[in-house]
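The values are calculated or read from the model by the stated rules, or taken from the named source; none is laboratory data. Please read these numbers as outputs of a predicted model, since none were measured by experiment. Note that each Cβ is placed from the backbone with ideal geometry, even for glycine, and that neighbours are counted across all protein chains shown. Accessible surface is based on the protein model in full, side chains and every heavy atom, while ligands, DNA and RNA are left aside. Shrake-Rupley method; radii C 1.70, N 1.55, O 1.52, S 1.80 Å.
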Amino acid sequence: MKCMQKEIDIKVKDSLAQDLQKGVPVLLKDGFHETDSLVDGTILKLRNPGGKFIGKGYVGKQNKGIGWLLTKNEAETIDTGFFQNKITNALKHRKDYYENDDTTAFRVFNGEGDGIGGLTIDYFDEFYLLSWYSEGIYAFKEQILKALESAVPSYKGIYEKKRFDTKGQYLEDDDFVKGERGEFPLLVKENGENFAIYLNDGAMVGVFLDQREVRKKIRDEYAKGKTVLNTFSYTGAFSVFAAAGGAKKTTSVDLAKRSLSKTTEQFEINGINVEEQDIIVMDVFDYFKYAKRKELSFDMVILDPPSFARSKKYTFSSAKDYTKLLMDAIAITEKNGVIVASTNNATFGMKKFKTFVEKAFNESNRKYVIEDEFSLPSDFRTSPLFKEGNYLKVLFIRAK
Ligand code: SAH
């Protein structure tokens, strides 16, 4: 593959030119007169309608836009050195994470928050995982790999996830890029607990790093002596932290069959007796009905649904249905129990999320107090001028 990217001059609409000048990092489609002819991976010299240079970006078509701004400096060339500067700067911001032996999994590079939209890099105990969000950024793979290798002090191996439509071409590979192959599960630590990570087995590796502070809060301040229901539990990461914090019992519910073995594994590598926990493979919405019928109730209910979910019987959209989900949870939450409500939907903010809470409690005739709030942890750096990048919202709600 050739290393040099094509560079073209392009005039954008005044509205986009003004946004870019302010530092908005995303190239939205409607800021362009025409985008069909733009080829992924092309460098754009962006100019305002008057022809004045505004910045350089790259074409990378993804759901968020058609590309990203890279620099406002006309003299800067987009090459290995450019990427190395960005990565080196990102590493400086994660110094404390590298130095903390209790946590060996964190985000090293967070897209536009670190100056390159469309690319994230995660660290899992000396292995690096690159996630490419468009064919456009993937076109810079060689330079970015070289830049990463020069920027980090050492590493064992590099893996990648192509999070763009590969039209089935890459299904057979195991996402290995270079260095040593890992032995999976790779055991990493988070605030002293263990997680089993698989870098070679599909899009999801076993844990969502952005919930680190929420898990710690549950373990350190909320779990002791409590019965905990963890819905949409995936590999049971919240359950592990609840159990580690002395929960009386955890119940994990997810409809994916793999969640049973995955959750069992996470408990076992943490020395938690699986026999004392419930792991249920079931549709969450059926579980709520079942729990109500059996008059089950919990001291803590964790809600962390995907933004959209379609199962055989139900469709769930967090923007439309979160209030109802909360009402289902409230109905089986003990008096003075706690609901942990989380959403990663970028289309609404914290204010709107709180209106869902208000409505759900009003309709359930229960009072509540919000005791804690979380957004992304500091390794998930965001750009102040790209709010959608700051997607995570988590509330700890005391149900009276
Ligand atoms: N809370 C998890 C991450 C959730 S990922 C964590 O902290 O690690 C979303 C999960 O929701 C997936 O595992 C998916 O299988 C599950 N899921 C989606 N729709 C569901 C439904 N209707 N019932 C139960 N689980 C569902």
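Across region 254-299, Cα pairs under 8 Å and at least six residues apart give a relative contact order of 45 percent.
From the mean inverse distance of alpha carbon pairs (Kirkwood) and the Cα radius of gyration, derive Rg over Rh for region 128-232. Numbers along the way, then the final one.
Details: Rg = 17.1 Å, Rh = 16.3 Å.
Reported Rg/Rh (Cα atoms, Kirkwood Rh): 1.05.
Using every pair of separate Cα atoms, the Kirkwood estimate puts the hydrodynamic radius of region 40-192 at 16.5 angstrom. Considering only L70, A105, T80, the residue lying farthest towards the positive end of the dipole of region 67-107 is L70, judged by Cα position with unit charges set on Cβ.
As a size descriptor, the averaged projected area of the C-alpha convex hull of the chain was calculated at 20.5 nm².
Excluding ligands, DNA and RNA, the accessible surface per residue across region 276-318 is 58 Å² with a 1.4 Å probe.
Here the accessible area is traced with a 1.4 Å probe on the protein chains. For region 141-291, carbon and sulfur cover 48 percent of it. A simple rule links phi to the HN-Hα coupling: the Karplus curve 6.51 cos²θ - 1.76 cosθ + 1.60 with θ = phi - 60°, which for region 210-217 gives 5, 9, 3, 6, 5, 4, 4, 4 Hz, with x for Gly and Pro.
In this structure the amide hydrogen of S252, modeled in the peptide plane, comes within under 5 Å of the amide hydrogens of N230, D278, I279, I280, none closer than 5 places in sequence on its chain.
Against the criterion of solvent-accessible heavy-atom surface with a 1.4 angstrom probe, R258, R366, R107 sort, most first, into R258, R366, R107.
Report in % the part of the accessible area of region 1-88 that belongs to carbon and sulfur, leaving out ligands and nucleic acids; probe 1.4 Å.
About 50 percent, which is the carbon plus sulfur part of the accessible surface.
If you place +1 on the Cβ of every Lys and Arg, -1 on the Cβ of every Asp and Glu, and leave all else neutral, what size is the dipole of the chain about its Cα centre, to the nearest 20 Debye?
Details: 61 positive and 59 negative charges, 302 e Å.
Value, rounded to 20: 1440 debye.
Secondary-structure-derived ellipticity at 222 nm for the chain, considering helices only, amounts to -7500 deg cm²/dmol, per-run term -39500 (n - 2.57) for DSSP H runs with n ≥ 4.
Taking 20 Å as the cut-off for C-alpha to C-alpha distance, list the pairs among K320/K393; K146/K189; K249/K320; K217/K262; K292/K335 that go past it. Beyond 20 Å: K146/K189; K249/K320; K217/K262.
Of the beta bridges in the chain, as assigned by DSSP with both residues counted there, near 60 percent are antiparallel. Which GluC sites (Glu not before Pro) does region 221-330 hold that lie in a coil by DSSP with at most 11 other beta carbons within 10 Å? Filter output for region 221-330: E295. Using only Cα atoms, locate the centre of region 290-360 and the centre of region 239-262, then give the distance between them in Å, rounded to an integer. First find each Cα centre; the distance between them is then 18 Å. Of all complete DSSP H helices in the chain, those with a Cα span along the helix axis of 18 Å or greater and a mean Kyte-Doolittle hydropathy of -1.0 or more are 80-93, 318-331, 350-363. Solvent exposure of region 127-274 amounts to 41 Å² per residue of accessible area, where only protein heavy atoms count and the probe is 1.4 Å. Based on C-alpha pairs under 8 angstrom that are at least 6 apart in sequence, the chain has a relative contact order of 11 percent.
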